[in-house]
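Written below as structure tokens is the structure these notes are about.
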Amino acid sequence: MRLDDAKDAWQDADASSGDVLSDDALLSLVKTEADAFDEKIRRRDRRERIAAAVVFLGFSVMLFDPSWWVRTGALVVMASSALIVWTLQRARSSESPASEQPVAEVIRAERRKVRRQIRLLESILWWYIAPTASGLGLIVIGGSGLSWFALGYGIVVAGLCVGIYYFNQRTVRQDLRPRQQKLTQLLHQLEDS
């Protein structure tokens, strides 16, 4: 079964249709979607790890700046890049349901993974945006003082932070919550049959 076929079948397999999928067909659909979801998360995490390594190394040269503001800001940015990697890894490291588990358990495990990703993105302000932005603010203030440049830089960084927050919340609304609801519907369909 191709991924597109599985997605079409997944979309058609809601509780309102009178069709009841067999356990094997349902398990196949859930596993196909779970594999695609896991791959998407792995790609995101890989990009973030690479970016975090570049940021960590790039900001490490600022540790030699004479201004303690700049050094402190660099340490905060470096620590935030490590926090980002740790947070993403912690959110992804979970049990993978074994093939021999009942279909309902596989669906519940997949729903837990989706819930973890929802919580992760809903709290992005605290583990991703705020630490990085505060470190950047310290660096700019330490380098140029309270100036028009620092104000302009702060406005640009604030705009980027708002954009990052918005796009992550949109992902929760448009992708993750509907996925969670579909898994819940499939679970109810399975329990009702």
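Wholly within the stretch 83-193, which helices (runs of 4 or more DSSP H) include no fewer than the required count, namely at least 1 residues that are open to solvent by 70 Å² or more (accessible area, probe 1.4 Å) and modelled with pLDDT under 95?
Once the helices (runs of 4 or more DSSP H) in the stretch 83-193 are filtered for at least 1 residues that are open to solvent by 70 Å² or more (accessible area, probe 1.4 Å) and modelled with pLDDT under 95, what remains is 103-122, 148-171, 177-192.
Among residues of the stretch 79-90 that are in contact (Cβ under 8 Å) with a residue 40 or more places away in the chain, those with a Cβ under 6 angstrom from a residue that is assigned to a helix (DSSP H, G or I) and β-branched (Val, Ile, Thr), sequence gap 6+ or separate chain, pair up as SER80/THR132; SER81/VAL55.
Per the conditions (1) of a type outside the set (A, V, I, L, M); (2) crowded, with 16+ Cβ neighbours inside 10 Å; (3) at pLDDT 90 or above, the sole criterion not satisfied by ARG42 is (2).
The values are calculated or read from the model by the stated rules, or taken from the named source; none is laboratory data. In this text the structure is predicted, and so the values were computed from the model without any measurement. We place every Cβ from the backbone using ideal geometry, glycine too, and count neighbours over all the protein chains shown. Areas reflect the complete protein model, heavy atoms only, side chains present, ligands, DNA and RNA absent. Shrake-Rupley method; radii C 1.70, N 1.55, O 1.52, S 1.80 Å.
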